[in-house]
Every structure is written in C-alpha cells, then in structure tokens.
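Notes follow the structure.
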Amino acid sequence: MRGRPNLYTSYSSESRLFPTRTQQVAIGIAFLLLLLMPFDLPVIDQIPLIRFLGDNSWLRVVNRMLIFCIAALGLNILSGLGGQVSLGHAFFMGVGAYTAVLVGGPGSANLWGWGLPIWIWLPASGVVAAVVGILVAPAAVRVRGLYLAITTLGLVFIGLHLSRVFPEIAGPGSLGRKWPKLELRLWKEENPILDFSRDGHWFWFDISDNQKTYYFLLALLTVFALWAANLARTRTGRALAAIRDQDVAAEIMGVPETKYKTIAFAISSCYAGVAGALLASISGQMPPEAWDLILSVEFVAILLIGGMGRVSGALAGTFFVVLSPRFVEEIIEWMTKQAEGDGAFSGLWDSIISLGSGDFGIVSISETALGYPIPYSALDEIIYGALIVIFMLFEPLGLYGIWINVRNYWKGWPFSY
Amino acid sequence: MTEIPMLLATSGFDTFVQTLFKALALGSLYSMLALGFVLIFKATQTVNFSHGALALAGTWFLSMLFIDWDIPGRFIPGPSWLHWGIALLLAMTVTALFGLIIERLTIRPMIGEPIFSMAVITLGLEVIIRVIADDAVRLTPRALGIPWGSDTFSLGGALVAWSYVAAVVMAALVFFAVWRFLRTRTGVAMQATAFDQEAALAQGINVGMIFAIAWAAGSALAAAAGIFASMSPWAAAGVASREGAFFAFRALPAVIVGGLDSVVGALAGGMLIGFVEIFAGQYLSSYANILGFGYQQVIPYVVMLIALLIKPYGLFGTEEVRRV
C-alpha cells in the first residue's frame, strides 16, 4: 500500500492530522523556515524586493500577523467550520484585551488593575471572552445568515459604548491605557524570569525583543493551530460541519444545534480573547476605538481570501492580508527610487508616483497630504478593499482555490485541461 | 452627528413638542436609509454594507456640484433655493449612475453565488469608496450650501429647525415614490425577482435590469439620506468625513427591526428606532452618568437585540421557509 498517497484503508488513517507523507514533509520544511525567519540571512538581504526580511520593523509586522493568525483561526471555527458568519470578532478581541489589562495591568487611583503575571492574565483573557461568547450565544443562535452578521455587528458598537461607561477599565483619554508587557513572572517580583520585550542573550546568541516575541508567539500559534486542526476531527467538529452544511438535517439526525453553536461561539471567542490580549500587549497602548468594525471586517476578509473552513486557508489568508501592505510600501519605495533616478524606465515610474506638489502621478509619497495624488496610507486601504472584491469575483474559494487549481494542473499533467 | 444639541425650551410640553419633531426627523432619516437597504435586499437578496459610503459619496457630489462648480447656477437664472434643489437631484442622479457602475462591475457577475459572498463584496466596496471619499473630503467639513441653513421657527414655545421639516418632507416624497413604483409593471417584476430569481427569469423578466434599477434607486436614496443627515442640528452643516459613512450602520438596526425585505418595515423600523433614540436621549439624560456619555447611540442596537429575540425576522419581514 506504500506510495499511494490517496488510498486510505481505514477511517483512522484518513482522519489523521497530516495524512500524507508529502504533507508531513511540507509542514516540517515550513516550520524550519519559520524558525529561521527572524534572522538576517546572508543571501536574502541582497535580493531587492524582499531584502527587508529579518528587519526589526518587518518583524514587528510579522508578530502582528502571528496574532492575527490566532484570531483568524478562532473565526474560522465559528464561520468556516460552523457556518455562522460573525462581524463581532473585534468585540471579543476587545473583551480579551480589557480582561488582560484588568488582571495584569498596573492599578492606580482611577484605573483598575491587579498587576498579576502573564500566566494568569493570558488564560484569563481567553476564558472571560469565552464566557461572554456563551452569554451572547442565546441571542445569536436564534438568527441566521445576514441577520446574524448584523446582530453581531451590533455587539461591536455596544462594546465601544461599554468602554466609555467604564473609564476605570478602558482608560480615560483617547490614547487608551498601557497594557502589561510580555514578561514571565512567578508572582509580582521585580525582575521577570523571561522577558520578551527587551533585547537579551539566549544561549550563544544576541537576540532582540522582536525576535523573542516572535518565538513566543510562534509557539502559541502552533498550539492554537493544532487545537483548531484537531477540533475538525472530533465529535464537535463533525457536528459543526453538519450544522454548516444543512442545519435542519443535522438537527433531525440528532445533532443538538443550540449546544454546538454555543460551543463554537465559546471556542471562537476564546481564540479572539487571547489574540486581543496579545495584540494589545505588543502594541503597548491602544484606544477602545481600535476594536471597531473595520477589524471585524478584516477577519472576515482574511477567511474569504484564504479559503473558508481550513486551518491552512486561515493562515494563508492572514499572511496575505496583513503582510501585503508592507509589500506595497516596499514596492512604492522602490518605484520612487526608480523615478528619481534616470534608469531606462524612470519616466514610466514617474508617471505613477507624484514626487512633489505639481508633479503628475496617482500616488503621492507624502503620508499626510490628502486629496488627489492618493497618499499611500490610503492606498493600502484601497488595495485591501479591492483585494476583497477581486477575490470574491474571480476566486470565491480564495487562495485555497488557487492552490487546488495549481495542484490539479500538475497532478493531471500532461493531460491537464 | 455625534452630538445633538438640546434646544432650550421653557415648559415641559414645549420640550415634548421639540423632542417629537426631532424624533420624527431622525426617524425619517433612518427610514430613508432603511428603504435603500430594503430595495437592494429585495432585488438582490443581499445587504448593501456600502450604503453609508454611498451616502458620503453622494453628499460630496452635492458639495462639488453646488459649491465648487456652481452647476445649475451658471447655466440658468433663478433663486438659489431652486438651484440647490436641482443640484440635489443632480447629486442623486450622479450617485445613482455610480451605483449602476458598481452593480454592473461587481454585483451582476455574482448572480447565483452565495449571498454572503455578495455581502462581503459590498464590505470591500465600502472600504474603497469610504477611503476615497474621505480622502477627497479632506479634514475640514465641506459646505453644502443648504438654503435654510440652521434656521428655526417657533411653534408655541417650542423651537423647531427647518431641516427637521425638510427631512420629514423628503422622506414622505421618497416613500410615496417607492410605493407608487412598486405598483408599476417594473415594480411588480422586482417583487417577483425578490421572490424567486429563476422563476422570474423563466417568466421573461429581465433580472439583470431589475438588479440595476434597485442599485440605482438604492444609491440615490443613500445620497438623499446622507445629504439630509448632514444638516445643521445633526452635523456641522457640511460633509463630515468617516462619521457620515458610519451613520448608515446605525440605520441597520432599523432595517433588522422592520424586517430586511419590507418597505413598511423600513418605515416602521426607522421611526421606532428614531423615536426611541431621541426620546431616550431627552428623558434619560439625567441618568447619563450611569448609562455613559452618548448612550442614546447604542440604544438602537439594544432595541435590535431585544426585537430579534422576540421576532427573528423582524416585525414585517418574511419568515424564511427552510427546506432540507
């Protein structure tokens, strides 16, 4: 039976986490690459468009992406596996973040905070968000489809208002309050055992704060990704898939709909809560308005661009959505350099980039100027919106659909048509 | 739009009259927005999340036409209120054309695809239109040149802003027009399309045309609602950036409470939400330190959650029959 990857002779061999040898090897290589990624590698830092890999500013974006991966995996359980599309993910992230700052943040006269260590505040943020998810579920389970999307959208606005009602938790000003850093302490002692937010020295290497944070987040993401992948193989996962595919039929076959939808809400909110706490922690300071509708939409976009219902889809979608603005920035920087120089195509690039006031071009290199030459901070958002539209129009299965097409082409070669 | 200034009134009854007018006006605005959502939902079975962005774009078109280019004024003589009325119609037309283009490029190819894909496309459009319009409006609010400005008249002891009356009149006109339209041949065709696209197609109805009409009408309604929501008591009498786009999200509870596919529901839901928001804002303001500053803005969502618990498809919405 060896060497026939798609021939399964038992149910258990088909439902393994990584059923084929190819997948095992691919996962191994991907993991090795991920371990090497935070370093300035000798060859890569010479290649023009990707030479920034390993930079500190780049790593900050990558760390953000890892956190978004965790949140996207959570939404994937609810929307991809359970078929319940929610626009309230940002609300649950906010719940997690404010739990973290309440449990782990420093307290003062007009700010609440108990200053407990990370091994309490990080799990607490997940648990509290899950409990809030369970509380919301009775209302959300009754509605379906677009009604559900709009109901959960209401949660985001209610959450924003709650942050105004409790300035003791959310902080008084528009800047927001300071979150606890990623530091491992046993209790409230002065010096942390492990400090992810300062440069340091591990074994024989000097290691920067961002690299440390990267490894911490990567470890967390691995745990959460394995949990999410495993969930699809369990009784809960199968029940959710049945509800997604045909809820009435599932209920007739004895799958309790309300119970499993509530479980899906709880698990998804737990992921969101942990991700929210981490995001706020590495950002340091965040206003309540950061947890708004746009963030929720971003996660729906991530799932649709990556491909609904798959762990790999959620991860690929996050890579694409969170990292593409940085690539756009790099490309524009490169075009600006070309336009200023006198290479063969400098005229072409000059017609796209507006170098100063009065210069013809679509994109302005200034970040603050508003108006017609589009500042590239706005360009990022426009490209992001356009990506959603284009993917939905031309590849509804997302990146996963593209991958299926490519794979089938090579599988069927030379008879691929 | 964030702050609704309280007009001073002397007696309790005058306060009530003022609040009533204000509630009627806000209810009309919500109803107009809700009607746009409902028209597009009826034809295409999808919620148009880019409605607020279209409203913002429509308001910006009016400002460009009337203030920057002086469009009807440079061609025809007449009083300025007439020019403004023509500019308003022009802005609605331009927005309708804009809606047509959007529909042709992004919605028409999605016929037969899952409705959620279409809803997400409109979310993507929302981002694009809002960012571009936001960028075009720039930081300072643009003037709209509204003829009655922030004038008020007194009714007994109560002060009523003219823009309240204008919003109510506009909403009445719009609802009358839509009500008439739904009884024409095309309107009936639209209702048939809403019921079953394939069956309508088999009966010889041009479903693509129905989509186009719904989007054009929905966009024009969005523009009208956006313009009338940018008047003096609601906003600083000009195109507010970003806030304007989010205003439409506050009308979503109205649509849900009324039912996504009901014109009567849009009117009832919009009025209900408008009344609850304004009356709660007026008569619960002494509890503001418990409820939190700006509590009246979340009341629509709370009403929506309660309404959904009682009636999952809204007050007038058609209950979905699910088959296995």
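Residues of chain A were split at every exposed loop site, defined as GluC sites (Glu not before Pro) in a DSSP loop with at most 11 other C-beta atoms within 10 angstrom, and the longest piece left, sites excluded, is A:1-188.
B:W69 contributes about 130 Å² of solvent-accessible surface, heavy atoms of the protein only, 1.4 Å probe.
Residues of region B:296-318 whose accessible area (probe 1.4 Å, heavy atoms of protein chains only) drops by at least 30 Å² once all protein chains are present, relative to their chain alone: B:V298, B:Y301, B:M304, B:L305, B:L308, B:L309, B:P312, B:Y313. Residues B:R323, A:R21 ordered from highest to lowest accessible area at a 1.4 Å probe: B:R323, A:R21.
Which residue, A:A139, A:A109, A:A290, tops the fluctuation ranking in a GNM of chain A built on C-alpha contacts under 10 Å? Largest GNM mean-square fluctuation: A:A109. Residues whose amide H lies under 5 Å from that of B:R142, counting only those 5 or more places away or on a different chain, are B:V239; hydrogens are built 1.01 Å from N in the peptide plane. A straight line joining the Cα centroids of region A:181-239 and region A:242-286 runs 22 Å. Relative to one another, the C-alpha centroids of region A:76-136 and region B:305-319 are positioned 30 Å apart. Helices in chain B that qualify as membrane-span-like (whole DSSP H runs, Cα extent of at least 20 Å along the helix axis, mean Kyte-Doolittle hydropathy of -1.0 or higher) are B:12-44, B:80-102, B:115-137, B:162-181, B:207-229, B:243-258, B:263-283.
Ordered from largest to smallest accessible area (heavy atoms of protein chains, 1.4 Å probe), the residues A:C270, A:C69 come out as A:C270, A:C69. Charges were assigned to the Cβ only: +1 to each Lys and Arg, -1 to each Asp and Glu. The resulting dipole of chain B about its Cα centre is roughly 380 debye.
Between B and A, roughly 4200 Å² of accessible area is buried in total, ligands, DNA and RNA not counted and the probe set to 1.4 Å. Would you please classify the overall shape of the protein assembly as shown from the alpha carbon gyration tensor, given that a ≥ b ≥ c denote the square roots of the eigenvalues, rounded means a/c under 1.5, and beyond that prolate means a/b larger than b/c while oblate covers the rest? Rounded, since a/c falls under 1.5.
What are the DSSP H helices in chain A that stretch 24 Å or more along their long axis, judged by alpha-carbon atoms, and whose average Kyte-Doolittle hydropathy comes to at least 1.6? Span-like helices, by this rule, are A:118-142, A:146-165, A:376-394.
Using the Cα gyration tensor of chain B, with a ≥ b ≥ c the square roots of its eigenvalues, what is the shape: rounded (a/c below 1.5), prolate (a/b larger than b/c) or oblate (neither)? Judged from the Cα gyration tensor, chain B comes out oblate (a/c at least 1.5, b/c at or above a/b). Within the accessible area of chain A, the carbon and sulfur atoms contribute 66%, probe 1.4 Å, all protein chains present. Between A:G176, A:G80, A:G28, the GNM of chain A built on Cα springs shorter than 10 angstrom shows A:G28 fluctuating the most.
Heavy-atom accessible surface of B:M209, to the nearest 10 Å², is about 100 Å², with a 1.4 Å probe and all protein chains retained. The alpha carbon centroids of region B:75-118 and region B:14-44 are separated by 20 Å.
For the residue pairs B:K42/B:K311; A:K178/A:K261; A:K261/B:K42; A:K178/A:K212, alpha carbon separations beyond 23 Å are given by A:K178/A:K261; A:K261/B:K42. Accessible surface calculations at 1.4 Å, restricted to protein heavy atoms, place chain A at 48 Å² per residue. Of A:R164, A:R407, A:R238, the residue with the greatest mean-square motion in the GNM of chain A, using alpha carbon springs below 10 Å, is A:R407. Averaged per residue, region B:12-310 has 38 square angstrom of accessible surface, using a 1.4 angstrom probe with ligands and nucleic acids left out. Accessible surface for A:Y409 stands near 110 Å², nearest 10, in the context of the full protein assembly shown (1.4 Å probe). Of the listed residues A:T222, A:T22, the order by accessible area with a 1.4 Å probe, largest first, is A:T22, A:T222.
Each Lys and Arg Cβ is given +1 and each Asp and Glu Cβ -1; about its Cα centre, the protein assembly as shown then shows a dipole of about 2120 debye. Across region B:12-310, C-alpha contacts under 8 Å between residues 6 or more apart give a mean separation that, scaled by the residue count, equals a relative contact order of 38 percent. Loop exposure criterion: GluC sites (Glu not before Pro), DSSP state outside H, G, I, E and B, at most 13 other Cβ atoms within 10 Å. Applied to chain B, the longest stretch between such sites is B:4-318. Using a 1.4 Å probe over the heavy atoms of the protein chains, calculate the carbon and sulfur portion of the accessible area of region B:1-132 as a whole percent. Result for region B:1-132: 74 percent of the exposed heavy-atom area is carbon or sulfur. Contact residues in region A:147-166 (at least 20 Å² less accessible area with all protein chains than alone, 1.4 Å probe): A:Y147, A:I150, A:T151, A:L153, A:G154, A:F157, A:I158, A:H161, A:R164, A:V165. Taking amide hydrogens as placed 1.01 Å from N in the peptide plane, the amide H of A:L194 sits under 5 Å from those of A:L184, each at least 5 positions away in sequence or on another chain.
The values are calculated or read from the model by the stated rules, or taken from the named source; none is laboratory data. Owing to the predicted nature of the structure, the values given are computational and were not obtained by experimental measurement. All Cβ positions, glycine included, derive from the backbone under ideal geometry; neighbour counts span all protein chains shown. Just so you know, the surface numbers come from the protein's heavy atoms only, side chains and all, with ligands and any DNA or RNA stripped out. Shrake-Rupley method; radii C 1.70, N 1.55, O 1.52, S 1.80 Å.
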